[in-house]
Amino acid sequence: MFSLKTSSEVNSNGGEINSSDESNVSIRHEISTKGRRSMNIVWHKCSVEKIDRQELLQQKGCVIWITGLSGSGKSTLACSLTRALHSRGKLTYVLDGDNLRHGLNSDLTFKAEDRAENIRRIGEVAKLFSDAGVICIVSVISPYRKDRDACRSILPDGDFIEVFMDMPLHVCEARDPKGLYKLARAGKIEDFTGVDDPYEPPLNSEIIIQMEGEVCSPPEVMAEKVISYLDAKGNLQA
């Protein structure tokens, strides 16, 4: 059973936040039992909104979601892209899948349900960055379409820009920068995407990055392709 806190809020650690003025309380009733969905939540609207933050930053917040196999160049593109945009005076932030598993998602495994939760959390954080007016660059395998589509669905139309690193498996495996394919082939890593777990390629990505024949484009060239898209869509101005 659960209990409702009617005269106080419940913080993320389960403690109470006293509040006698309900007009300033965005969450008036919260289920106190960990893991239960909150009830009777009221959104607290602020007078400073996304459009105001975008005007301040002279850019439009969005989420650039880079997906692809391990070794496809997602993180390389993300770093090159954030550097190029930074040099143009644009505020960005990179959410890297591996980095987030050191903190925010350190409690998650690689089981199917945890993978879905991993992507859900990243999507929600990316949404906050976008709402702040920041160009948020997400670099994560995100192998399943339904999880990526769920992240797209929580953002306004046009604010989710999917970049598909369409690199052949044999190229990614030949690179194997982290040695993960070798471990997966040896049976030391289970449910590894591309080996014994599927990767579902996007069907309607805004941007597709592919090899030119047998050659991969330099990171700077790939980044410019994304920047050209942002420029055309008006994201680089308020």
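All of the numbers you see were taken from the coordinates with simple rules; none came from a lab. Because the structure is predicted, anything quoted here is derived from the model rather than measured. Backbone-built Cβ (ideal geometry, glycine too); neighbour counts: all protein chains shown.
Multiplying the sequence separation of Leu183 and His102 by 0.36 nm and subtracting their Cα-Cα distance, what value in nm do you get? Please list the in-between numbers first.
Numbers: separation 81, 0.36 × 81 = 29.16 nm, distance 2.07 nm.
Gain on extension, Leu183 to His102, equals 27.1 nm.
Work through the residues other than Gln54 whose Cβ is under 14 Å from its Cβ and net out their charges, Lys, Arg +1 and Asp, Glu -1. Before the final figure, lay out the partial values.
Numbers: positive: Lys50, Arg53, Lys60, Lys90, Lys233; negative: Glu49, Asp52, Glu55, Asp131, Asp159.
It works out to a net charge of 0.
At most 16 other Cβ atoms within 10 Å and a DSSP loop assignment: could you name the chymotrypsin sites (Phe, Trp or Tyr not before Pro) in the range 142-175 that fit?
Numbers: sites: Tyr144, Phe160, Phe164; in loops: Tyr144.
In loop regions of the range 142-175 (DSSP not H, G, I, E or B), there are no sparsely surrounded chymotrypsin sites (Phe, Trp or Tyr not before Pro).
Kirkwood-based Rg over Rh for the range 64-116 (C-alpha set), two decimals?
Working: Rg = 13.3 Å, Rh = 12.7 Å.
With Rh from the inverse mean 1/r over Cα pairs, Rg/Rh is 1.05.
How big is the charge dipole of the range 87-238 about its Cα centre, in debye rounded to the nearest 20, if each Lys and Arg gets +1 on its Cβ and each Asp and Glu gets -1 on its Cβ? If you can, show how the numbers build up before the last one.
Details: 19 positive and 27 negative charges, 52 e Å.
The calculated dipole for the range 87-238 is roughly 240 debye.
Pairs on different chains or at least eight residues apart, Cα atoms closer than 25 Å: how many lysine pairs in the range 116-238 fit?
On the way: Lys127/Lys146; Lys127/Lys225; Lys127/Lys233; Lys178/Lys188; Lys225/Lys233.
Counting lysine pairs in the range 116-238 gives 5.
Quick check: residue separation of Asn40 and Asp166 times 0.36 nm, minus the Cα distance between them. What number comes out in nm? Don't skip to the answer; put the middle values down first.
On the way: separation 126, 0.36 × 126 = 45.36 nm, distance 4.38 nm.
Difference between extended and current length: 41.0 nm.
If packing is taken as the average number of other Cβ atoms within 10 Å across a peptide's residues, how do 218-229, 128-139, 57-68 rank, most packed first?
Numbers: 218-229: 16.1, 128-139: 22.2, 57-68: 24.2.
My ranking of the peptides, most packed first, is 57-68, 128-139, 218-229.
Once you list every other residue whose beta carbon is under 12 Å from the beta carbon of Asn105, what net charge do they have if Lys and Arg are +1 and Asp and Glu are -1? Could you put the intermediate results ahead of the total?
Numbers: positive: Arg101, Arg115, Arg120, Arg121; negative: Asp96, Asp98, Asp107, Asp114, Glu117, Glu124.
Cβ neighbours under 12 Å give a net charge of -2.
Could you tell me which residue out of Leu128, Ile51, Thr92 lies farthest along the dipole of the range 29-157 toward its positive end? Charges go on the beta carbon: Lys and Arg +1, Asp and Glu -1, centred on the Cα centre.
Towards the positive end, the residue furthest out is Thr92.
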